[in-house]
Protein chains: 2
Amino acid sequence: MAPMNDLPLLRRPVTINLTQRANASGCDECGARHTGMCGVLTEEDLGFLSSVAQRITVAAGDVFMEEGDKATYFFNLNQGNVRLFKSLPDGRRQITGFAGPGYFLALAQSDKYVFSAEAMDSVKLCRFNRISLMAVFEEFPALERKLLDAAMHELVIAQQHMLLLGRKTAVERVASFLLSWAERLEVCGVGVLPKPGSVLHLPLSRMDLADYLGLTIETVSRSLGQLKREGMIDVPSIHEIILLKPKGLSDIADAV
Amino acid sequence: MAPMNDLPLLRRPVTINLTQRANASGCDECGARHTGMCGVLTEEDLGFLSSVAQRITVAAGDVFMEEGDKATYFFNLNQGNVRLFKSLPDGRRQITGFAGPGYFLALAQSDKYVFSAEAMDSVKLCRFNRISLMAVFEEFPALERKLLDAAMHELVIAQQHMLLLGRKTAVERVASFLLSWAERLEVCGVGVLPKPGSVLHLPLSRMDLADYLGLTIETVSRSLGQLKREGMIDVPSIHEIILLKPKGLSDIADAV
DNA sequence: GTGGTGTTTTGATGTGGATCAAATTCTTTA
DNA sequence: TAAAGAATTTGATCCACATCAAAACACCAC
């Protein structure tokens with residue numbers, strides 16, 4: 001390892017007191033202990049992170065982070081699901097993604113939040129003061145590395161979604177979504193087709209779906225209807241979809 | 001600073017020989033010496049990076065990085081401009097962004113490129129073997145930090161673009177684009193309106209514009225025409241646009 | 001169960017932007 | 001400087017998806 005003074009001094013001075021080790025109380029029973037940020041920390045190191053965290057519960061429907069507001073806090077999701085979105089003044093909304101346990105929120109380096117976050121169900125999260133958290137990052141490069149990985153993964157997803165929004169038809173969008181949702185639920189591996197007959201649990205409303213896919217609820221409904229008529233899927237209940245022909249869906253999604 | 005053995009061992013072993021210091025020959029006259037990755041390195045440290053770089057020139061129109069190909073190389077742009085895009089088998093194309101000097105290419109952690117890159121003019125770049133570069137990153141955390149900043153900034157742009165592609169009308173898209181291009185050219189600060197009368201140099205074809213905005217060339221042309229008729233812009237030549245009413249454009253772009 | 005409310009589906013119609021086509025303007029080459 | 005070719009604009013028509021409207025269904029509370 002090269003001596004430290006060989007390194008350019010981008011890293012800012014550490015401001016937290018390293019002797020104040022809190023134990024990671026509350027982390028043991030946390031659903032996100034072994035995912036995301038926390039997953040890369042040892043039991044001991046987690047104490048630091050835990051010591052600057054406030055554990056918060058947010059009710060379904062609450063917008064706990066609003067685009068344009070001062071970015072005082074960062075968040076790490078422990079339980080529940082969240083929609084991330086941007087809006088136009090006249091109410092048009094684009095959901096840019098969904099986030100679940102282990103997801104770290106507010107990767108933006110601006111001093112304002114650049115998107116909003118709304119709880120889809122009852123959400124438990126750790127809230128961090130931005131400044132304190134920055135200091136923790138200085139101390140644990142593993143966190144920063146993890147953040148980089150996460151950001152790069154987000155970018156890949158975002159690029160896929162730009163292709164979808166800019167160039168795909170309604171049915172192609174819905175087919176693409178179903179397959180990506182299967183991946184998210186780990187019904188299948190990344191880039192691997194789910195088995196025929198796989199059941200998908202969809203806790204989203206048609207409105208969410210529409211705002212994510214850049215469509216209206218009517219078009220989403222009709223597209224699902226078309227895929228059903230074509231024998232690609234079955235829709236036993238509103239929040240459940242069975243993928244009858246994943247290969248067919250994939251061909252539609254990728255316009256093969 | 002906490003002792004090193006307090007740190008979790010995410011960082012992989014360093015494989016480059018640190019005594020092999022090449023001087024950063026060729027970097028002095030490089031247009032990107034003080035931007036992007038290179039900007040965060042000292043003259044001395046740059047030698048490392050330089051020693052694992054191959055300097056390449058790519059002709060206009062060359063696709064030097066293709067979606068789906070094995071991600072053998074990473075690239076850092078020194079001169080010229082590049083379009084980044086994803087395509088569907090039937091030829092539909094979505095440009096996900098444009099990149100200029102200082103831009104680091106291939107932030108993806110997959111073993112395959114997830115998008116393509118095509119030179120818009122004569123492009124000079126540094127090509128890095130992926131493995132070697134990873135090793136350099138281990139050694140210089142400043143690079144990783146810079147990469148994180150870049151990735152987060154990209155994400156913000158990507159989210160804005162998703163809103164544009166999913167929810168904005170044709171004229172709103174074009175207006176949004178003109179303002180974002182003004183920022184890119186540093187005609188104005190980030191989030192600041194350009195002065196009325198600011199001249200924009202647009203080295204893009206209408207096709208590029210269309211594929212970036214999720215429209216057809218005809219609609220781009222008509223939208224520019226509409227903005228012209230409304231007195232928002234003037235178009236003295238195909239590749240030049242004068243922003244007559246930046247505030248008006250901004251109101252259109254953000255649907256105010 | 002029943003009634004009420006909100007969500008989803010289905011149907012009828014409208015429209016923004018796509019497509020097709022031709023005219024115009026830029027660019028290149030000789 | 002003219003002619004050929006490419007890119008852009010403009011015009012006419014079409015269609016995928018939006019919008020408007022009503023019916024069907026799901027989810028409550030009581």
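The values are calculated or read from the model by the stated rules, or taken from the named source; none is laboratory data. Treat the numbers as computed from the prediction; the structure is a model and nothing was measured. All Cβ positions, even for glycine, are placed from backbone atoms using ideal geometry, and neighbour counts span all protein chains on display.
Computed values, structure above
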read-out	value
Search result, residues across the range B:202-223 that are among the aliphatic types (A, V, I, L, M), farther than 13 Å from B:ARG83 by Cα and surrounded by fewer than 20 Cβ atoms within 10 Å (Cβ to Cβ)	B:LEU202, B:ILE217
Residue selected from the range A:51-85 under the condition in contact (Cβ under 8 Å) with a residue 60 or more places away in the chain and touching a Cys at 6+ places or on another chain (Cβ under 8 Å), by the criterion surrounded by the fewest Cβ atoms within 10 Å (Cβ to Cβ)	A:GLN54
Which numbered condition A:ALA151 misses (of (1) within 11 Å of DNA strand D (Cβ to nearest atom); (2) touching a residue at least 24 places away in the same chain (Cβ under 8 Å))	(1)
Sole exception among (1) without any contact (Cβ under 8 Å) to a residue 24 or more places away in the chain; (2) surrounded by 18 or more Cβ atoms within 10 Å (Cβ to Cβ); (3) under 18 Å from A:LEU77 (Cβ atoms) for A:LEU185, by number	(2)
Every residue from the range B:98-124 that is more than 14 Å from chain A (Cβ to nearest Cβ) and either at positive phi or part of a loop (DSSP other than H, G, I, E, B) (or both)	B:GLY100, B:PRO101, B:GLY102, B:MET120, B:ASP121, B:SER122
Any chance A:ASN23 is at pLDDT below 50, over 29 Å from A:SER87 (Cβ atoms) and more than 18 Å from the chain's Cα centre (by Cα)	no
Residues (small (Gly, Ala, Ser) and surrounded by fewer than 17 Cβ atoms within 10 Å (Cβ to Cβ)) located in the range B:233-249	B:SER237
Filter result for A:SER198 (over 19 Å from the mean Cα position of the chain (by Cα), surrounded by fewer than 21 Cβ atoms within 10 Å (Cβ to Cβ) and within 16 Å of DNA strand C (Cβ to nearest atom))	no
Among (1) assigned to a helix (DSSP H, G or I); (2) within 13 Å of chain B (Cβ to nearest Cβ) - the single one A:PRO89 does not satisfy	(1)
The range A:163-189, subset touching a helix residue (DSSP H, G or I) at 6+ places or on another chain (Cβ under 9 Å) and more than 15 Å from DNA strand C (Cβ to nearest atom), residue nearest to the other protein chains (Cβ to nearest Cβ)	A:SER176
Subset of the range A:236-250 [in a strand (DSSP E or B) and either among the charged types (D, E, K, R) or closer than 26 Å to A:ALA119 by Cβ (or both)]	A:SER237, A:GLU240, A:ILE241
Residues that are part of a helix (DSSP H, G or I) and in contact with a Lys or Arg (Cβ under 6 Å, 6 or more places away or on another chain), drawn from the range A:225-235	none
Test: residue in the range A:177-200 that is of a type in the set (Lys, Arg) and under 18 Å from A:ALA99 (Cα atoms)	yes
B:LEU88 vs. criteria within 16 Å of DNA strand C (Cβ to nearest atom), surrounded by fewer than 22 Cβ atoms within 10 Å (Cβ to Cβ) and within 26 Å of B:VAL58 (Cα to Cα)	yes
Test for B:LEU204: is it within 16 Å of DNA strand C (Cβ to nearest atom), under 20 Å from B:GLY97 (Cβ atoms) and within 18 Å of the chain's Cα centre (by Cα)	yes
Condition broken by A:GLN160, with the remaining ones in (1) more than 8 Å from every other protein chain (Cβ to nearest Cβ); (2) more than 16 Å from DNA strand C (Cβ to nearest atom); (3) not aromatic (Phe, Trp, Tyr) satisfied	(1)
Filtered residues of the range A:108-166 (kept if among the β-branched types (Val, Ile, Thr) and in contact with a Gly (Cβ under 8 Å, 6 or more places away or on another chain))	A:VAL123, A:ILE157
Odd one out for A:VAL171, checked against (1) under 21 Å from the mean Cα position of the chain (by Cα); (2) within 16 Å of DNA strand D (Cβ to nearest atom); (3) touching a residue at least 24 places away in the same chain (Cβ under 8 Å)	(1)
